[in-house]
Amino acid sequence: MESNSNYKYGIKSTFSQCLALVGAGFLQVGVGTELICSTVIIGALSDHSNENEWLTMTNEQTSWFGSLLYLCTPLGSLISSLVLGRLGHKNCMIITNIPYLVSQIMFFYAENVETMYACSIIMGLSVGFSGGPFSAYIGEVCEPKLRGALMSATNVFFFSGSLLFATIYAITRQWRLTVLINMAIPIITIAILCMSPDSPMWLLSKGKNEKAQRTLGKLRGWVTHDKCSNEFHEMVVFMSANKNSSNDKNGKNDSESSWKQLLQPDVLKPFRLLLIYFFFSNLLSGVPFSPYLVEVFSTFGADVDVQWTVAFSLCIAIVGGILTVLLVNRLGKRFLTLMTLSICSICYISIGLIGVYWTNSEQIKSWLLLTCFLISTFVASFGIMPIGWILLTEIFPMKSRNITCSICSTLSFILSFFMTKYYPDVVDLVDFYNTFTIFGFGGLIGCVYFYFCLPETENKTLKEISEFFK
């Protein structure tokens, strides 16, 4: 196989790939707004000074509303894995905007808690359905040298969506008006995706070799066939090798199903690694706190406008995402993982210890707590949060990539459900600040694991990465 260093397409190739990923980026804007919805709405409903809002929630109802989205992503991912191979990445990304739009309409007219639950469930289906197609699409249309950076760039879109939603609410202070304005996002996304190309890999899997070749030429800067012939030949060989790998040792033509292939070492090893990665990434990137972020900032006690502080935290997350785009190729995913996970762990432990043992000025204490949390937010967005999703696009072999991307996305959101649903119970059990301490020491354990088990995948072809896990 040709080394990725032989792909010398130039700036036009980078531009065409960025252009092709605009639709996927807007899809992440939508996911960002869906995941911040519960944070904004829970904060709005807890503000009893708003006399125009008649909806109320108990603590138990709040925990269900904040976590149901994560619980229902598996069904969306399951449906996605069943239709992805037939419909293709682009069509699946278009379809995912339909339940998203429906949920926003229902939010606007919601008059009871049950409707709010239904909206959270529908958003969960949308987010779950988008995960597999989105990740596989980026992994297949990008050059190896750009894959990490462009995948990281979509993380910027994700935080931009969350920031947009939080900022609109901070300005209007009306969550129903906020979701009404937000309805424009899925409509715009559908329009952009309709003009995006299909993945060359998917076209090859459907026997559309000529169209795959033309699409690859467009993605590499509208070059001629000769210019991208090496990479196209590599794709054909890679596809053939993955088809042949499902035959038994005697050379029979009976192919295994993707489900059976999950038990093979080159699939099972990266699957286990990525599941552990998502656990520590979710734990140390603020996922357990996300629906209750308004309450968390209020507990810190700093003299700030909480709604604008939420928006500011998302703003610095965007800066972190941009730094990932600029530096992931130079620093590598392994170094960024170890560095950012260790810093987040130290910040969490500091919050726990300051919250429990600081006895001096309460004003200084509150600002120290808020500063440590914002630092962890920035650092997580710079490393552990986007890198898990970058790895998702890289470390699985082609023969099972569609289904493993969907399953891993599903399990990540199941972890998020348990972390968000039972976070209030953990706080009741061990106290608010001790929760941070426990999470921080858990993150240090993750650092040790990744030091020994996480390989470097930056600037590696999909085949080279796949060979590592065999």
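For the chain, take the longest principal axis of its alpha carbons; what is the angle in degrees between that and the long axis of helix 184-193, to the nearest 10 within 0 to 90?
Here the helix axis deviates by roughly 10 degrees.
With the cut-off at 1.5 for a/c, could you classify segment 275-415 from its C-alpha gyration tensor as rounded, prolate or oblate?
Working: a/c = 2.29, a/b = 2.02, b/c = 1.13.
Prolate, since a/c reaches 1.5 and a/b exceeds b/c.
Counting only heavy atoms of protein chains, what accessible area per residue, in Å², does the chain have with a probe of 1.4 Å?
Details: 19360 Å² over 470 residues.
On a per-residue basis, the chain sits at 41 Å².
With a 1.4 Å probe and all protein chains left in place, how much of the accessible area of the chain comes from carbon and sulfur atoms, in whole percent?
Carbon with sulfur: 64 percent of the solvent-accessible area.
Looking at (1) 25; (2) 29; (3) 41, which value of percent of Cα pairs over 37 Å apart comes from a calculation on the structure shown?
Here the calculated entry is (1).
Keeping all protein chains in position, work out how much accessible area Val102 exposes to a 1.4 Å probe, and write it in Å² to the nearest 10.
60
When the helix-only estimate is applied to the chain (DSSP H runs of n ≥ 4, each -39,500 (n - 2.57), divided by the residue count), what is the mean residue ellipticity at 222 nm, nearest 500 deg cm²/dmol? Don't skip to the answer; put the middle values down first.
On the way: 24 runs with 362 residues, N = 470.
Result for the chain, helices only: -25000 deg cm²/dmol.
Roughly how tilted is helix 333-357, in degrees to the nearest 10 and between 0 and 90, from the longest Cα axis of the chain?
The helix 333-357 is inclined about 10 degrees to the chain.
Over 19 Å between Cα atoms: which of Lys206/Lys269; Lys90/Lys269; Lys12/Lys218; Lys12/Lys227; Lys12/Lys145 fall into that group?
In this structure, Lys206/Lys269; Lys90/Lys269 exceed 19 Å between Cα atoms.
Calculate the spin-label point distance for Cys194 paired with Glu111, positioning each point 7 Å from the Cα along the beta-carbon direction, and give it in nanometres.
3.4
Compute the helix-to-body angle for 306-331: its Cα long axis versus the longest principal axis of the chain, expressed 0 to 90° and rounded to tens.
So the inclination is approximately 30 degrees.
Return the distance in nm (one decimal) between the two label points of a simple spin-label model at Asp305 and Leu268, each offset 7 Å from Cα along Cα→Cβ.
Distance between label points: 5.6 nm.
Nearest 0.05, what FRET efficiency do Ile171 and Ser298 give at R0 = 22 Å with Cβ-Cβ as r?
Details: r = 20 Å, r/R0 = 0.91.
Plugging the Cβ-Cβ distance into 1/(1 + (r/R0)^6) gives 0.65.
Could you compute the FRET efficiency for Ile438 and Val319, with r as their C-beta to C-beta distance and R0 at 22 Å, rounded to 0.05?
With a Förster radius of 22 Å, E is 0.20.
What accessible area, in Å² to the nearest ten, does a 1.4 Å probe give for Trp64?
90
Would you work out the relative contact order for the chain, in percent, from Cα pairs under 8 angstrom that are 6 or more residues apart?
26 percent.
Which residues in segment 69-91 place their backbone N less than 12 Å from a point set 7 Å from the Cα of Asn209 along the Cα-to-Cβ direction?
Answer for segment 69-91: none.
Probe 1.4 Å, all protein chains in place: accessible area of Thr172 in Å², nearest 10?
So the heavy atoms of Thr172 present about 40 Å² to solvent.
The values are calculated or read from the model by the stated rules, or taken from the named source; none is laboratory data. Only a predicted model underlies this, so the values are computations on that prediction, with no experimental measurement involved. Cβ atoms come from the backbone with ideal geometry, glycine included; neighbour counts cover every protein chain shown. These accessible areas exclude ligands, DNA and RNA; they are computed on the full protein's heavy atoms, side chains included. Shrake-Rupley method; radii C 1.70, N 1.55, O 1.52, S 1.80 Å.
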